[in-house]
Amino acid sequence: MLEIKKSISESIAQGIKAINSDASLEISDIASMLEYPPDEKMGDLALPCFKLSKTLRRSPVQIAQTLADGMSTPCVARAEAVNGYLNIFLDGAYLASRVIPETRAKGDKYGAPTDLGEGKTVVLDYSSPNLAKPFHIGHLGTTVIGHSLKMLHEFAGYKCIGINYVGDWGTQFGKLIVAYKKWGDREKVENGGVDALVELYVKINNAISGNEEEGISADPTLADEARAEFLKMEQGDEENLALWRWLVKLSLKANDEIYRQLGITFDSYKGESSYTEGMPVQVQRLRDKGLLKIDDGASIVDLEEYGMPPCLILKRDGSSLYPTRDIAAAYDRKQMYDFDKSIYVTSAGQSLHFAQWFKVVELMGYDWFDKLVHVPYGTVSINGAKLATRTGNVILLRDLFALAIEKVAAIMEEKNPNIENKEKTAEAVGVGAVIFYYLSNNRIRDINFVMEDALSFDGNTGPYVQYTYARTCSVLSKSGEYDKNAELLITSEDETSLLKTLSRFEEVVRDAIDAYEPSIVTRYILDVAGAYNRFYHNCSILGAENEQIKNTRLAITEATKTVLGNAFGLICLKKTEKI
């Protein structure tokens, strides 16, 4: 579609010259003015001529009519002037002559805007769960949004480094150490894994804050004990560090299965603890720059003139905080990878935190401060109730995935009991249903997670688009070999509509990268699936009137399979050849 827009823009530019020889607009400027009409009946592309009226000294209606009369490019079937708009209808035969050969030639690279990322490096910090806590639905956003952004950037030619910056350091470990020493049993924790750690974590928080329902009185001194145990860790206490290493190992093992189901791997598991040695260097640089101030015993950077609260660097006891570790980690990554962009995917609730330490990095004199990008996303609630690990109000991803897989398996048993690799397919579709539900939403929107909606197999869902992919595979399998060198013949509006949608893929990828928005790809996948299913139902493929039409429709089906498969890979969705 990008080249099509360029051809159309060139023709419009010629038309503008014919109206006013002194007027000039860059081809790229004209291309940016082209819009997608809200209804296909109004055209495939439209140019609002109102912006040209002042420059060309004519009414929008006159401009649109002159451009329609002068439109001359093989990709346009016809152009119409309607109320100051130039409505453009693309030519199906031209689309087929471009889309089908390109999908065949480029295969899994079709739609990839490799000029965007060639020679550039992107570091992506995502998922990054706090260890010793369950992997719950609240972690789904950073994990699937982050990995989708990684896949999009890789597709566009960037060298990508995915970092799981796990929360393996901080006061929560002080709390767990206190809880374990008071109530823990090594064999029970070893066998119970992360569930046993959660029990201890909830118990210590209840003990600190109190719980009237369970008759537990508050004991704030336990919070002081937790801080003291964490400080001992930072100071190198071997007993606490040995406990910490064991707790981390148990947590990572629990997370591995979730990442396997999602099909996600990371290039680095460098957690917060990795930067304990680098933090003092950055703190000293802050002192040397005269940025560090003491406020009530804590070390801060005053950001009042930038409209932000102070950024806390060290607590009163001298232990580190998140900004300290994040600055040290960013510096280390710049030295190691020399990134062109460093992307952080976290909830919108952390936006102030990132704005603060990004500004501190700038004040420290690091010239790469403007390469740091925070990608926020909305909160997740369960039927309106916010998640809280401390109270156990969570839906664990392993349980959600298990429920989805069980439901898919039951449907498959009823409809296709003899399918091969039944368990593998049920997992791909079940997990895919949850991913697709999440990524169908604009990332900044808050999501009220409703199980029934997420696991629905009707409407615009993951199973629907995966079934559409399976349908293309089935058609091609039943057809056997066909003549790929036959001349293409377009005979239906449904063929043209589908080809037009397929031609937009690269444009969609560029938009998704520019906006850091995977839902743009998800919505596009629905567009492709909808267009293919209309084509499938309205245009006989294997029973076409003649071989030329049959070969054309098989070629369109093959192109659809390629585009869907490539797009699935950009949103953590697995390709399913049979359902």
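What are the residues in segment 92-118 that are open to solvent by less than 10 Å² (accessible area, probe 1.4 Å) and among the aliphatic types (A, V, I, L, M), if any?
95, 96, 99, 100
Filter segment 409-454 down to the residues that are open to solvent by less than 40 Å² (accessible area, probe 1.4 Å), assigned to a helix (DSSP H, G or I) and aromatic (Phe, Trp, Tyr), then identify the one that is modelled with the highest pLDDT.
436
Please specify each residue of segment 43-65 satisfying the condition of being assigned to a helix (DSSP H, G or I) and either modelled with pLDDT of 90 or more or surrounded by fewer than 15 Cβ atoms within 10 Å (Cβ to Cβ) (or both).
49, 50, 51, 54, 60, 61, 62, 63, 64, 65
As an exercise: evaluate residue 489 against (1) under 16 Å from residue 541 (Cα atoms); (2) open to solvent by less than 50 Å² (accessible area, probe 1.4 Å) and give the number of the one condition it does not meet.
(2)
If you go through segment 119-139 one residue at a time, do you hit one that is open to solvent by 10 Å² or more (accessible area, probe 1.4 Å), in a helix (DSSP H, G or I), at pLDDT 95 or above and touching a helix residue (DSSP H, G or I) at 6+ places or on another chain (Cβ under 9 Å)?
no
Determine if segment 373-380 includes at least one residue that is of a type outside the set (Ser, Thr, Tyr) and either over 19 Å from the mean Cα position of the chain (by Cα) or farther than 25 Å from residue 141 by Cβ (or both).
No - not one qualifying residue is present in segment 373-380.
State yes or no: is residue 339 in a loop (DSSP other than H, G, I, E, B) and either within 22 Å of residue 271 (Cβ to Cβ) or touching a residue at least 40 places away in the same chain (Cβ under 8 Å) (or both)?
Yes; evaluated as a whole, the condition is true for this residue.
I need a count of the residues in segment 250-290 that are small (Gly, Ala, Ser), part of a helix (DSSP H, G or I), open to solvent by 10 Å² or more (accessible area, probe 1.4 Å) and in contact (Cβ under 8 Å) with a residue 60 or more places away in the chain.
The total comes to 2.
List every residue pair whose Cβ atoms lie under 8 Å apart, where the two residues are 6 or more positions apart in sequence or sit on different chains, the first residue falls within segment 421-450 and is under 15 Å from residue 144 (Cβ atoms) and polar (S, T, N, Q), and the second residue, located anywhere, is at pLDDT 95 or above and assigned to a loop (DSSP other than H, G, I, E, B).
Matching pairs, first to second residue: 442/517.
Could you list, in sequence order, all residues of segment 358-379 that are out of contact with any Leu (no Cβ under 8 Å at 6 or more places or on another chain) and crowded, with 21+ Cβ neighbours inside 10 Å?
If the condition is that a residue be out of contact with any Leu (no Cβ under 8 Å at 6 or more places or on another chain) and crowded, with 21+ Cβ neighbours inside 10 Å, then 372, 377 are the ones that fit.
The values are calculated or read from the model by the stated rules, or taken from the named source; none is laboratory data. Being a predicted model, the structure only gives us computed values, none of them experimental. Positions of Cβ are generated from backbone atoms using ideal geometry, with glycine treated the same way; all protein chains shown enter the neighbour counts. Just the protein is used for accessible areas: all its heavy atoms, side chains included, with ligands, DNA and RNA removed. Shrake-Rupley method; radii C 1.70, N 1.55, O 1.52, S 1.80 Å.
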